[in-house]
1. I need the trypsin sites (Lys or Arg not before Pro) found in region 99-143, filtered to DSSP loop residues with at most 15 other beta carbons within 10 Å of theirs.
2. Distance from a point 7 Å along Cα→Cβ of Met133 to each backbone N in region 145-168: keep the residues under 20 Å and list them by number.
3. Give the accessible surface of region 121-207 per residue, rounded to a whole number of Å², with probe radius 1.4 Å and ligands, DNA and RNA excluded.
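The values are calculated or read from the model by the stated rules, or taken from the named source; none is laboratory data. Quick caveat: nothing in here was measured; it's all calculated off a predicted structure. Methodologically, a virtual Cβ is constructed for each residue, glycine included, from the backbone with ideal geometry; neighbour enumeration extends over all protein chains shown. The area values use the complete protein model at the heavy-atom level, side chains included, leaving out ligands, DNA and RNA. Shrake-Rupley method; radii C 1.70, N 1.55, O 1.52, S 1.80 Å.
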Amino acid sequence: MFSTQFSSPDNPRNAALVGAAIGILGGVLALLIVLLEPVMAFGLVIGLAVGLYVLTDLHGALYVMIGVIALLPFGTLPFEIAVTPTLLDAALGGFLLVYAMQWMTGQRRLFRATPVTPLVLGFILLMIFAFLMGLRHAPMTPRVLRNVLEMVLSLLLIPVLVDVMRDAQHIRRAVVALALWGAAAAVVGIVLWLLPDFTAESILNRL
């Protein structure tokens, strides 16, 4: 009864909430356009929407990560946290965060592994140990820290994907997503090739 009443288009309260949400979103977007460049403002809004989607669905986060790998592997975020994170770092970190949250909330209870999983985890621990021991002989730079974090996250992706891709259906969807994002990357490459060199370089530099 409550859900029917709330979802009715004739409900004044529902209409007021939708109108308020649209108004707030429009105001925020207008403020961002004033403070930032229009392209950056729309990019920020789209990025927030994608980020919320990633945090609510594990397989959605996987498909977004595949898309970033195909389209924007070297794009960076417009802020710095010790190092400047790339879009790929954010997508990979978001995917692993959602996976970890599923374990913490009890949505996952049985870990699926292969004989390669202990080797990968052992190599990660060995790499972290070597990195920590090496700090006694050389200072840590943002570039070194970034390379180590990226390698750790990339290696953690191996056992996580083995656990997530549990059946043929999930594998097929991942392959389809890879094919679609790959086709989109090809189209973007053709468009950039057709554009004047200065325009294409300017677009790429914004990333």
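1. When the trypsin sites (Lys or Arg not before Pro) of region 99-143 are filtered for loop state and at most 15 Cβ neighbours within 10 Å, Arg109, Arg112, Arg136 remain.
2. Only 145, 148-149, 151-152 fall inside the zone, counting backbone N under 20 Å.
3. Averaged over the residues of region 121-207, the accessible area is 73 Å².
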